[in-house]
Amino acid sequence: MKAKTTGRSGLILPGILVLLGIYLAVGIITMDVPDGAKQPGPTFFPILITIAIFVIAALLTVQLIRNPEPVPADRQGYRSYSDWKTVALVAAGFLAFALLLVPAGWLISASLLFWTVAFALGSKNRARDLGIALVFASVIQLAFGAALGLNLPSGILEGLIG
């Protein structure tokens with residue numbers, strides 16, 4: 001007879017997502033929004049992301065409760081492994097993004113981040129990935145500027161895009 005908790009270790013992830021959602025919700029509630037902020041305002045995207053996090057956590061919880069992970073009979077065979085090279089590359093990309101955001105600007109640092117993640121996840125066409133990363137970062141910069149009235153850091157491209 002199996003315990004009711006067998007195969008439910010995956011519930012850790014929805015728990016982490018709920019904690020992250022609570023953290024973001026508290027940040028949104030305590031955010032100091034200027035009186036003259038344009039609509040939809042600086043809380044619009046964080047609210048959407050927080051709602052999405054709670055919805056994903058709920059859906060994952062329902063899925064894991066309905067269909068628990070099968071437990072191998074011998075308990076020696078592992079279904080998966082950790083790809084630490086990919087984790088390290090993505091972490092390095094985020095670190096480079098954080099360090100380069102102000103001096104290099106959003107366009108360069110975000111493009112580097114998006115390209116690094118594509119490379120880490122196994123994409124082979126580096127030139128195409130760089131082009132897509134530049135377009136994606138540009139669209140985000142334009143959306144923040146036009147839709148929200150927020151300026152992302154321009155860095156060394158200050159005279160061109162700032």
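Quick notes
- Selection over segment 76-131 of residues that are more than 25 Å from GLY10 (Cα to Cα), assigned to a helix (DSSP H, G or I) and either at pLDDT below 90 or over 16 Å from the mean Cα position of the chain (by Cα) (or both) gives a count of 16.
- PHE114 vs. criteria in contact (Cβ under 8 Å) with a residue 12 or more places away in the chain and closer than 27 Å to LEU20 by Cβ: yes
- Here segment 27-42 is the region considered, the condition is being within 19 Å of LEU152 (Cα to Cα) and at pLDDT 80 or above, and the residue that is farthest from the chain's Cα centre (by Cα) is ASP32.
- For segment 142-162, the set of residues classified as part of a helix (DSSP H, G or I) and either modelled with pLDDT of 85 or more or open to solvent by 70 Å² or more (accessible area, probe 1.4 Å) (or both) consists of LEU142, ALA146, ILE156, GLU158, GLY159, LEU160, ILE161, listed by residue number.
The values are calculated or read from the model by the stated rules, or taken from the named source; none is laboratory data. Just so you know, these numbers come straight off a predicted model, no measurement behind them. A quick note on method: Cβ atoms are made from the backbone with ideal geometry, for glycine too, and the neighbour counts reach across all protein chains shown. Heavy atoms of the whole protein, side chains included, go into the accessibility calculation; ligands, DNA and RNA do not. Shrake-Rupley method; radii C 1.70, N 1.55, O 1.52, S 1.80 Å.
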